[in-house]
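> Below: one structure in C-alpha cells.
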Amino acid sequence: MATKRSIVITATILAVITAASFIVWFIPQNKSSTLVVSDYKTHLDSIRERHMAVINETENDFKEMLSGKISPDDFITRASASSSQINSLIIEMIESSPPQEWHERYSNYGEALKSYNSYLRETMVVANKIKDGISPENLQENLVRLENLKKESESFSLKSYETKP
C-alpha cells in the first residue's frame, strides 16, 4: 500500500517535472538567424538587382503621381513599402559580415542604400505637400533636392563598384 509520504513525494516529483517542462517551453530561445555568404560578389550583385527593381518601381510610381495617374496617398503607401524593402537590404548587408577585402565595397553600397532611403522619405514628403497643395516653385525646389539625393545614392553605388577587392 502507498503511504502518505510516498504519494506526496511522487506528486512533488511530477509537479517539478511539469513545471520544468513549462519553463523550458516558455523561456524564449535566443535563436538569431545568421546569414552565411560564401560568394560576396554574387551576394552584392543580388542586392544591387533588388535595389534596381525598387528604384525602377519607385520612379514609375513617382512619375505617375506627378502626372496625376495615382494619388499621393497611393504613392506614399508604395514608397513606404519600398523603404521597408531597402531597410531589409541594408540589414541583409550588415548581417552578411563581409571579410576585410569586401568591407569597403559593402560599406559604400550600404551608403548608397541609405541615401536612396533618404530619397524615398523625401518623395513621401513631396507627396504630402502635393496632397496639401504645393506651389509650382516649391515643387521645383523639392524636385531638385530629390534629384540631388538620387545622384548621391548613384555616386555611392558607383564608388562601391570601383572599389573591387
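> When region 73-100 is examined, which residues are found to be charged (D, E, K, R) and more than 19 Å from VAL37 (Cα to Cα)?
Of everything in region 73-100, those that are charged (D, E, K, R) and more than 19 Å from VAL37 (Cα to Cα) turn out to be ASP73, ASP74, ARG78.
> Which one of the conditions (1) surrounded by fewer than 16 Cβ atoms within 10 Å (Cβ to Cβ); (2) modelled with pLDDT of 90 or more; (3) within 14 Å of the chain's Cα centre (by Cα) does THR77 fail to meet, given that it meets all the rest?
Among (1) surrounded by fewer than 16 Cβ atoms within 10 Å (Cβ to Cβ); (2) modelled with pLDDT of 90 or more; (3) within 14 Å of the chain's Cα centre (by Cα), THR77 violates only (3).
> Another question about this same structure. Mind checking which pairs have a first residue in region 142-156 that is under 16 Å from PHE62 (Cα atoms) and a second that is not in a helix (DSSP H, G or I), Cβ under 9 Å, 6 or more apart or different chains?
Pairs found: ASN142/ILE134.
> Only residues that are touching a helix residue (DSSP H, G or I) at 6+ places or on another chain (Cβ under 8 Å), over 30 Å from LYS129 (Cα atoms), touching a residue at least 24 places away in the same chain (Cβ under 8 Å) and part of a helix (DSSP H, G or I): list them for region 73-103, please.
The answer is GLU92, MET93, TRP102.
> Restricting to region 42-72, what's the tally of residues that are loosely packed, with under 13 Cβ neighbours inside 10 Å and in contact (Cβ under 8 Å) with a residue 12 or more places away in the chain?
Total meeting the criteria: 0.
> Checking ILE134 against (1) aliphatic (A, V, I, L, M); (2) closer than 27 Å to VAL37 by Cβ; (3) not in a helix (DSSP H, G or I), only one condition comes out false. Which one?
Status for ILE134: all satisfied but (2).
The values are calculated or read from the model by the stated rules, or taken from the named source; none is laboratory data. Please read all numbers here as calculations on a predicted model, not as lab measurements. Cβ: placed from backbone, ideal geometry, glycine included. Neighbour counts: every protein chain shown.
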